[in-house]
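Just below is one structure, and these are the notes that go with it.
The values are calculated or read from the model by the stated rules, or taken from the named source; none is laboratory data. Owing to the predicted nature of the structure, the values given are computational and were not obtained by experimental measurement. Cβ sites come from the backbone with ideal geometry, for glycine too, and all protein chains shown count toward neighbours.
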Amino acid sequence: MTNDHEAGEQLSRSRRRFPGISSRAYEHPADRSALVALRKLTGFDTVFKTLSGMLPERSLRLLFLSDSVRVSDQQFAHLNDMLRDACYILDLERIPPMYVTQDPQPNAMCIGLDQPIIVLTTGLVELLDEEEMRTVIGHEVGHALSGHAVYRTILLFLTNFAVKVAWIPLGNVAIMALVTALREWFRKSELSADRAGLLVGQDLQASMRALMKLAGGNHLHQMNVDAFLAQAEEYDAGGDLRDSVLKILNVLPRSHPFTTVRAAELKKWAESRDHQRLMDGHYPRRDEDKDASFRESVKESAGYYSDSVKSSKDPLMGLVRGLADGAGDLGGKLRDFATGAGNRPGGGSSGDAQNGTSGSK
């Protein structure tokens, strides 16, 4: 065992470790499903191979080396301790280089093609306390263990330099389709990484606080976890079909899911039987990955989406349920959507009127 892991052992005595853990243990079903869909996208292999060969990864590493602060025993030592601790807990053998870069916007990312690197902004370092930061570093180590850095790097390149890739044979339309699919996958991958952060920090309240601070800044004395989670409930249930469409449009350009949604998803997983079994030491190992059934993974993803539709209070999901049950009046529903009748007292035949106007502003 390396000296770094020995140091991690000293730090982690009060936290459970997961030897040989596979990323399948914490990956969100929607993450795996979106990645499968991404890989099936027409032209994905062409663009992926092209960009993998041309991305200036060496230049990227030199940029951070020259213009950011590399975390070590001599610089940001407390962050270095957390990084080694996170890698020890998740049994990540190669510890990624980590940098702190000057940027007031709170953010963190795991990027790289051959070897992932982790980057934290000064805005994030200044915003979070030690236990909150531990969950964020665990989140990024989870990205590294899952192999997300490659796709994240390509997404970063395409969104920042889209004009410069117009020469790719597939053309701009295909590039935008790929960017949209990459964003959809990356939003789902954040749900997986949030789970990894919880496995490292092993403190749900710290995970909740970190997400609340990302939403509302360093004003915890003015915020409340239960009220914050209630926002996610209201967001899911509120409004009419027009609001459902607006939700989709609002999230499309984002790289991350909304923070209230992330908090609700993480709390739900933390209270699940799957999480409890994992904490008890029952989880898939990396040495079993090659034998993992792709069909089972797809089945699990399909099951997740089916359960999501059944349990969601969103009006659009209610319409989907009604149509699936053969009980939906599609014409009436769409008429209510176009006129907003579902939000008026006694308006239309839509069952969405039961949701009132709580979600519309």
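Structure data summary
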item	result
Qualifying positions in region 207-234 - outside any helix (DSSP H, G or I) and of a type outside the set (A, V, I, L, M)	G217, N218, H219, N224
In region 186-206, the residues that are farther than 15 Å from F258 by Cα and assigned to a helix (DSSP H, G or I)	R195, A196, G197, L198, L199, V200, G201, L204, Q205, A206
Cross-chain or 6+ apart pairs with Cβ under 6 Å, region 182-203 first and in contact (Cβ under 8 Å) with a residue 40 or more places away in the chain, then assigned to a helix (DSSP H, G or I) and among the aromatic types (F, W, Y)	R195/W269
All positions within region 96-120 that are in contact with a Phe, Trp or Tyr (Cβ under 9 Å, 6 or more places away or on another chain) and of a type in the set (A, V, I, L, M, F, W, C)	M98, V100, I117, I118, V119, L120
Complete set of residues in region 89-101 that are over 22 Å from the mean Cα position of the chain (by Cα) and modelled with pLDDT of 95 or more	none
Residue identified as aliphatic (A, V, I, L, M) and surrounded by fewer than 22 Cβ atoms within 10 Å (Cβ to Cβ) among V136, V150	V150
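Residue by residue, here is whether (1) surrounded by fewer than 16 Cβ atoms within 10 Å (Cβ to Cβ); (2) modelled with pLDDT under 70 holds:
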{"position": "N3", "(1), (2)": "yes, yes"}
{"position": "E9", "(1), (2)": "yes, yes"}
{"position": "I21", "(1), (2)": "no, no"}
{"position": "Y26", "(1), (2)": "no, no"}
{"position": "S52", "(1), (2)": "yes, yes"}
{"position": "L55", "(1), (2)": "no, yes"}
{"position": "D67", "(1), (2)": "yes, no"}
{"position": "R84", "(1), (2)": "no, no"}
